[in-house]
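Notes follow once the structure below has been shown.
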Amino acid sequence: MPTETLAGHTVELDAEGFLTDPSAWNREIAGELARRAGLALNDQHWKVIEFCRKDAQEKGEAPGVRRITQLAGVSMRDMYALFPKGPGKLAALVSGLRKPQGCI
Amino acid sequence: MGEDTPRKVAIICSKGTLDMAYPGLILANSARMIGIDAMLFFTFWGMDIVNKKKLDKLEVATVGNPSMGMPTFLGAIPGMGAFATSMMKKEMTKLEIPTVREMLEILDASGAELYACKMAMDMFKLTRDDLVPEVKGVLTAMDFWEKAEGAQIVFI
């Protein structure tokens, strides 16, 4: 696995750019992962990220987009506005989680 | 593919059974979830998926479906289709799979484009009012090819 320096932190990323170790994540790394994906994080993004981190800790895997819209107080349309290049991967990626395994 | 040529899929839904409705809906939605443009073209029996009066009542095909694991004559017994459908819906609820109606709403919110087939509408004597509002327009087969330019095509 390649290691990279993100915002001054050395981390390991998988082939798709996901952090391999969620515990290595912090807010600065999130900002850098987002920047690389063409996103500037705002309060709405952080609401999603905080939900994803919490949910993954409880459930052991990154939540899918529908689950996020049901539980994080963000609508489906908001999700696509926040992550135009694909909320399915990007919400988990900037949250420092692995790729979601669900199809919804 | 490069940044300037985003990927695009066009999914043709030609079947109206519950088991043939989901693959197209799920594939289109998963494409949108990773940023691929998606359009769906509903034609022939697939029109049932976007028909207001029918979409909540789609049934699993028990006749002529070898995967059901039952002889065709059993599948033809009245009520068998409804039974198989309720079993499948139960399993899907357990897995938190959205209903067909919710899938259409999700697709609409995701920016996927839904179109109905002009010829199928004429054939089944349907009007725009018979279809869910998520359907963006009615296309001829020629219109479909124009809209689908550059897309990967999936026929279901």
Practice item. Give me a count of the residues in segment A:1-44 that are under 12 Å from A:Leu93 (Cα atoms) and part of a helix (DSSP H, G or I). Key: 9
Check your understanding: Are there any pairs with C-beta distances below 8 angstrom linking a residue in segment B:77-92 that is of a type in the set (Val, Ile, Thr) to a residue that is at pLDDT 85 or above and surrounded by 11 or more Cβ atoms within 10 Å (Cβ to Cβ), with the two at least 6 apart or on different chains, and if so which?
Key -> B:Thr85/B:Leu18; B:Thr85/B:Leu58; B:Thr85/B:Glu59; B:Thr85/B:Val60
Review point. Can you pull out the residues in segment A:53-81 that are within 14 Å of chain B (Cβ to nearest Cβ) and within 27 Å of A:Thr10 (Cα to Cα)?
Key: A:Asp55, A:Lys59, A:Glu61, A:Ala62, A:Pro63
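Which of the residues spanning segment A:73-104 are of a type in the set (D, E, K, R) and part of a loop (DSSP other than H, G, I, E, B)? Spell out the reasoning first.
Our first condition is that a residue be of a type in the set (D, E, K, R); within segment A:73-104, this holds for A:77-78, A:85, A:89, A:98-99.
Of everything in segment A:73-104, those that are of a type in the set (D, E, K, R) and part of a loop (DSSP other than H, G, I, E, B) turn out to be A:Lys85, A:Arg98, A:Lys99.
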Point to revise | Test: residue in segment A:47-58 that is over 14 Å from the mean Cα position of the chain (by Cα) and either free of Cβ contacts under 8 Å to residues at least 40 places away in the same chain or in a strand (DSSP E or B) (or both) | key: yes
Check your understanding: Picking from B:Ala21, B:Ala31, B:Ala61, which residue would you name as being within 29 Å of B:Ala148 (Cβ to Cβ) and within 14 Å of chain A (Cβ to nearest Cβ)?
Key -> B:Ala31
Review point. Got at least one residue in segment B:116-131 being closer than 22 Å to B:Gly35 by Cα, touching a residue at least 24 places away in the same chain (Cβ under 8 Å) and among the aromatic types (Phe, Trp, Tyr)?
Key: no
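Closer than 30 Å to A:Gln101 by Cα, away from every other protein chain (no Cβ under 14 Å) and either surrounded by 15 or more Cβ atoms within 10 Å (Cβ to Cβ) or touching a residue at least 40 places away in the same chain (Cβ under 8 Å) (or both): does that describe B:Leu104?
Against the criterion (closer than 30 Å to A:Gln101 by Cα, away from every other protein chain (no Cβ under 14 Å) and either surrounded by 15 or more Cβ atoms within 10 Å (Cβ to Cβ) or touching a residue at least 40 places away in the same chain (Cβ under 8 Å) (or both)), B:Leu104 does not qualify.
From B:Phe124, B:Phe42, grab the single residue that is aromatic (Phe, Trp, Tyr), closer than 20 Å to B:Ile156 by Cα and buried (at least 18 other Cβ atoms within 10 Å of the Cβ).
The unique qualifying residue is B:Phe42.
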Review point. Mind checking which residues of segment B:104-156 are among the hydroxyl-bearing types (Ser, Thr, Tyr) and over 15 Å from B:Ser14 (Cβ atoms)?
Key: B:Ser110, B:Thr127, B:Thr140
Review point. Within segment B:31-49, restricting attention to residues that are in a helix (DSSP H, G or I) and in contact with a helix residue (DSSP H, G or I) (Cβ under 7 Å, 6 or more places away or on another chain), which residue is farthest from B:Thr99 (Cα to Cα)?
Key: B:Phe44
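The values are calculated or read from the model by the stated rules, or taken from the named source; none is laboratory data. Note that the structure is predicted; figures quoted are calculated from it, not measured. Note that we place each Cβ from the backbone using ideal geometry, even for glycine, and neighbour counts take in every protein chain shown.
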